[in-house]
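Undergrad: Got a structure for you, written out below as structure tokens; questions coming shortly.
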Amino acid sequence: MAELDRQLFYAINGWPEAFAPLFWFFSEATKQTWVRVALLGLALAMVARGPRTRWAVLWCLLAVGVANELCDVLKNLFMMPRPSVELSDAVVRTARLTSFGTASAHSANMAAVAWVMVARLGRWGWVWVPIALLTGLSRIYNGVHYPYQVLLGGVVGLAAGFALERIGRWIERGIQEKRQRCSPPAP
């Protein structure tokens with residue numbers, strides 16, 4: 001299985017350099033101020049739009065936090081090296097990371113967002129699915145994660161997204177029931 005993972009890594013990592021700008025964007029863009037401002041603007045617009053999108057933003061933010069922390073826990077428990085450290089012939093297209101790469105937090109975070117957005121917004125949320133997939137591929141292409149690390153991160157993110165979205169629905173139901181009990185009877 002490890003050999004298959006390594007072969008898949010080399011296959012994706014060896015894709016043409018012409019893909020580098022696209023995969024750099026999906027791997028590293030959130031470190032850019034203009035991208036952060038754009039995402040903040042999108043989040044604020046969704047919050048202002050109404051309760052449905054407001055709740056989606058809230059549960060996305062919480063799911064990303066949980067997914068990211070779970071990946072950090074896995075990285076500390078199971079110290080699996082990154083290809084950028086382990087393979088001298090890996091093509092590394094970003095900063096050479098030396099931390100453990102057990103589960104890709106980038107993949108986890110975007111998988112969490114994708115799950116919550118699809119669950120909350122239906123067809124409008126599906127735009128996040130290819131973003132999550134491209135983010136995972138970018139981490140392999142850029143040489144900082146093996147495919148199994150991206151897959152594990154994706155599973156962690158889906159689990160976090162699912163759990164937070166379910167908890168969110170339970171909390172929202174409780175709030176709605178409380179409002180109904182506290183509201184005056186209709187005349």
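The values are calculated or read from the model by the stated rules, or taken from the named source; none is laboratory data. Owing to the predicted nature of the structure, the values given are computational and were not obtained by experimental measurement. Note: ideal-geometry Cβ built from the backbone for every residue, glycine included; neighbour counts use all protein chains shown.
Undergrad: Scan the helices (runs of 4 or more DSSP H) fully inside the stretch 69-187 and keep the ones with 2 or more residues being of a type in the set (A, V, I, L, M), within 14 Å of the chain's Cα centre (by Cα) and surrounded by 18 or more Cβ atoms within 10 Å (Cβ to Cβ).
TA: 105-121, 128-141, 147-182
Undergrad: Can you confirm whether ALA111 is without any contact (Cβ under 8 Å) to a residue 60 or more places away in the chain, closer than 30 Å to GLN176 by Cα, small (Gly, Ala, Ser) and touching a Lys or Arg at 6+ places or on another chain (Cβ under 9 Å)?
TA: Against the criterion (without any contact (Cβ under 8 Å) to a residue 60 or more places away in the chain, closer than 30 Å to GLN176 by Cα, small (Gly, Ala, Ser) and touching a Lys or Arg at 6+ places or on another chain (Cβ under 9 Å)), ALA111 does not qualify.
Undergrad: Just checking, how many residues over the stretch 39-57 are under 23 Å from ALA29 (Cβ atoms) and buried (at least 17 other Cβ atoms within 10 Å of the Cβ)? Full working, then the answer.
TA: Start the filter on the stretch 39-57 by keeping residues that are under 23 Å from ALA29 (Cβ atoms), which leaves 39-47, 53, 56-57.
So of that shortlist, the ones also buried (at least 17 other Cβ atoms within 10 Å of the Cβ) come out as 43, 46, 53, 56-57.
Selection size over the stretch 39-57: 5.
Undergrad: Can you name every residue in the stretch 119-150 that is in contact (Cβ under 8 Å) with a residue 40 or more places away in the chain and of a type in the set (A, V, I, L, M, F, W, C)?
TA: Result: ALA119, LEU121, ILE131, LEU134, LEU137, ILE140, VAL144, VAL150.
Undergrad: Now a separate question. Which of (1) under 15 Å from the mean Cα position of the chain (by Cα); (2) of a type in the set (Gly, Ala, Ser); (3) surrounded by 20 or more Cβ atoms within 10 Å (Cβ to Cβ) does GLY65 not meet, given it meets every other one?
TA: Looking at each condition in turn, GLY65 falls short on (3).
Undergrad: Among the residues of the stretch 81-104, write down those that are in contact with a Leu (Cβ under 9 Å, 6 or more places away or on another chain) and touching a residue at least 40 places away in the same chain (Cβ under 8 Å).
TA: ARG82, SER84, THR102, ALA103, SER104 - these are the residues of the stretch 81-104 that are in contact with a Leu (Cβ under 9 Å, 6 or more places away or on another chain) and touching a residue at least 40 places away in the same chain (Cβ under 8 Å).
Undergrad: Go through the stretch 26-38 and report how many residues are surrounded by fewer than 14 Cβ atoms within 10 Å (Cβ to Cβ) and either within 14 Å of MET117 (Cβ to Cβ) or not charged (D, E, K, R) (or both).
TA: Total meeting the criteria: 6.
Undergrad: Which of the following residues is under 20 Å from LEU121 (Cβ atoms), in a helix (DSSP H, G or I) and among the hydroxyl-bearing types (Ser, Thr, Tyr): THR53, THR30?
TA: From the options THR53, THR30, the qualifying one is THR53.
Undergrad: Pick out the one residue from VAL85, VAL127, VAL116 that is under 23 Å from TRP15 (Cβ atoms) and among the aliphatic types (A, V, I, L, M).
TA: On the way: VAL127 fails: under 23 Å from TRP15 (Cβ atoms); VAL116 fails: under 23 Å from TRP15 (Cβ atoms).
So the residue among VAL85, VAL127, VAL116 that is under 23 Å from TRP15 (Cβ atoms) and among the aliphatic types (A, V, I, L, M) is VAL85.
Undergrad: How about the stretch 1-23: which of its residues are modelled with pLDDT under 95 and either touching a helix residue (DSSP H, G or I) at 6+ places or on another chain (Cβ under 8 Å) or in a loop (DSSP other than H, G, I, E, B) (or both)?
TA: MET1
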